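Trainee: The structure is given below, and queries will be raised subsequently.
The values are calculated or read from the model by the stated rules, or taken from the named source; none is laboratory data. It should be emphasised that the depicted structure is a prediction, and the values quoted were computed from it without experimental measurement. Quick reminder, even Gly has a Cβ in these numbers, built from the backbone with ideal geometry, and neighbours come from all protein chains shown. Keep in mind that these areas ignore ligands, DNA and RNA; they rest on the heavy atoms of the full protein, side chains included. Shrake-Rupley method; radii C 1.70, N 1.55, O 1.52, S 1.80 Å.
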Amino acid sequence: MSGIISPTDIAACADALEHLCARVAMARQTELPRLADVAEPPSGAALWSSNYAQLVLWPVASNEGEVIARATDEGEGWLDAVLAHADRSPAIPLDGYLVLALPAAPAPEADEEIRKVELSARICRKHLVWPSSPEAVAEGAGPWARVADVTMLGLPDATAAASNGLYWPEIGGNAEALWQELQHKGAPSVAQSDAEAPIPAEKPV
């Protein structure tokens, strides 16, 4: 099946991603970056960014294996250029996610190509999504299938949104005391002291 995804459908896909990206502190870019020597993003493409990852929605013109393979090469080439030009510290790794939006569920003969695409870790992680069937929507599914399967977005609803900054978790009194001892004496000294300490006597039952 070939055909351009309708603006309404790709907007619904972007909305579904937007909801999940917001929960992990990724913001949608108002404009796509202009990059040289890479494929032009297709109509409906979108980019979300944070200080730890970039995610691009890349519409695909067909659900056939050959077209999916070509779109994957173009999309990961474009995302690779985005990652290379990102303004970030070299010490902080930046992950890439390529979400390939098909106009319909994959053709059966495309199964092998899809497995190859989604198992490939070259440049970025890759996921394929497509419109849900009318039956699935009638049973309560969202308008796009597999959106929640995108690696970092499929989090439980109760999970709080990620912070853009790093923070230390809260720890209890005993753990805090051990941490301070490690800071001042070093791990070898603390381990030796612990090994030489008497074993506490068991309390009578």
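Trainee: Protein chains only, probe 1.4 Å: how do Glu66, Glu135 rank by accessible area, largest first?
Mentor: Values: Glu66 145, Glu135 120 Å².
From most accessible down to least: Glu66, Glu135.
Trainee: Full-extension gain between Glu109 and His184, please, as 0.36 nm times their residue separation minus the C-alpha to C-alpha distance. Don't skip to the answer; put the middle values down first.
Mentor: Values: separation 75, 0.36 × 75 = 27.00 nm, distance 6.25 nm.
Stretched out fully, the Glu109 to His184 stretch lengthens by 20.8 nm.
Trainee: Under a Cβ-Cβ cut-off of 15 Å, what is the net charge of the residues other than Asp15 that fall near it, where Lys and Arg count +1 and Asp and Glu count -1?
Mentor: With Lys, Arg at +1 and Asp, Glu at -1, the neighbours total 0.
Trainee: Contour minus end-to-end for Ile92 and His19, with contour as 0.36 nm per residue of separation and end-to-end as the Cα-Cα distance?
Mentor: Details: separation 73, 0.36 × 73 = 26.28 nm, distance 2.53 nm.
Here the answer is 23.7 nm.
Trainee: Viscosity 0.692 mPa s, temperature 37 °C: give me the Stokes-Einstein translational D for region 1-135 in µm²/s, with Rh taken as the Kirkwood radius over C-alpha pairs. Let's see the in-between values first.
Mentor: Values: Rh = 15.3 Å.
After rounding, the answer is 215 µm²/s.
Trainee: Thr151 to Glu135: extension gain in nm, 0.36 nm per residue of separation minus the Cα-Cα distance?
Mentor: Between Thr151 and Glu135, full extension yields 3.2 nm more.
Trainee: So how strong a dipole does region 1-74 carry about its Cα centre when Lys and Arg Cβ are +1 and Asp and Glu Cβ are -1, to the nearest 20 debye?
Mentor: Using Cβ point charges on Lys, Arg, Asp and Glu, region 1-74 gives about 300 debye.
Trainee: Positive end of the charge dipole of region 70-120 (Lys, Arg +1 and Asp, Glu -1 on Cβ, about the Cα centre): tell me which of Ser120, Gly77, Ile92 has its Cα farthest that way.
Mentor: About the Cα centre, the residue reaching furthest to the positive side is Ile92.
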